[in-house]
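In what follows, a structure is listed as structure tokens, so that the remarks can point back to it.
The values are calculated or read from the model by the stated rules, or taken from the named source; none is laboratory data. From a predicted model like this one, the values you see are computed outputs, not experimental measurements. All Cβ positions, even for glycine, are placed from backbone atoms using ideal geometry, and neighbour counts span all protein chains on display. Heavy atoms of the whole protein, side chains included, go into the accessibility calculation; ligands, DNA and RNA do not. Shrake-Rupley method; radii C 1.70, N 1.55, O 1.52, S 1.80 Å.
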Amino acid sequence: QVQLLESGGGLVQAGGSLRLSCAVSGIIFGIKTMAWYRQAPGQQREFVARITASGITYYADSVKGRFAISRDNALNSLYLQMNSLKPEDTATYFCNCYNTIYWGKGTLVTVSS
């Protein structure tokens, strides 16, 4: 059974930082491209970042230079370091095994102005 479990969300002031984690089980994590998406209230889910098995990263323009995606294959874990947070970053953040049906349930990030 594939499971993705996000953690690390919370309330932070604008300009602050958070680090999201995603614990993954049930897949061969080390060979998979993994991604983060987010969904703001009333909005469609949008791509945030992804990282290939070899560590190549891609970012949405809206987070480039502020967010960093990383992975630890030994721990089957995916991370998202979020710096210089803005109120418009407020959303539920989801971990995804890229281009698959496997999603976590999300963790809420709220950035206050």
Roll a 1.4 angstrom probe over the protein heavy atoms and tell me the percent of accessible area of the chain that is carbon or sulfur.
50 percent
Sort K32, K105, K64 by accessible area with a 1.4 Å probe, largest first.
K105, K64, K32
In whole Å, what three semi-axes, largest first, describe the equivalent ellipsoid of region 74-113 built from its Cα gyration tensor (square root of 5 times each eigenvalue)?
23, 13, 8
Calc'd 3J(HN,Hα), region 54-62, phi into Karplus 6.51 cos²θ - 1.76 cosθ + 1.60 (θ = phi - 60°), Hz, glycine/Pro = x, comes to 8, x, 6, 10, 9, 9, 5, 4, 5
Here region 97-105 yields Karplus 3J(HN,Hα) values (6.51, -1.76, 1.60; θ = phi - 60°; whole Hz; Gly and Pro given as x) of 7, 3, 6, 10, 7, 8, 10, x, 8
Assigning unit charges at the beta carbon (Lys, Arg +1; Asp, Glu -1) and nothing else, what dipole magnitude in debye, to the nearest 20, does region 15-85 show about its Cα centre?
20 debye
Over the chain, with neighbouring protein chains present, the accessible area per residue in Å² at probe 1.4 Å is 53 Å²
Scanning the chain, every Cys lacking a C-beta partner under 4.7 angstrom -> C97
Ordering Y93, Y37 by how much accessible area each has at a 1.4 Å probe, largest first, what is the list?
Y37, Y93
Residue by residue through region 20-31, the couplings from Karplus 6.51 cos²θ - 1.76 cosθ + 1.60 with θ = phi - 60°, in Hz, x for Gly and Pro, are 8, 10, 9, 8, 10, 9, x, 9, 7, 3, x, 10
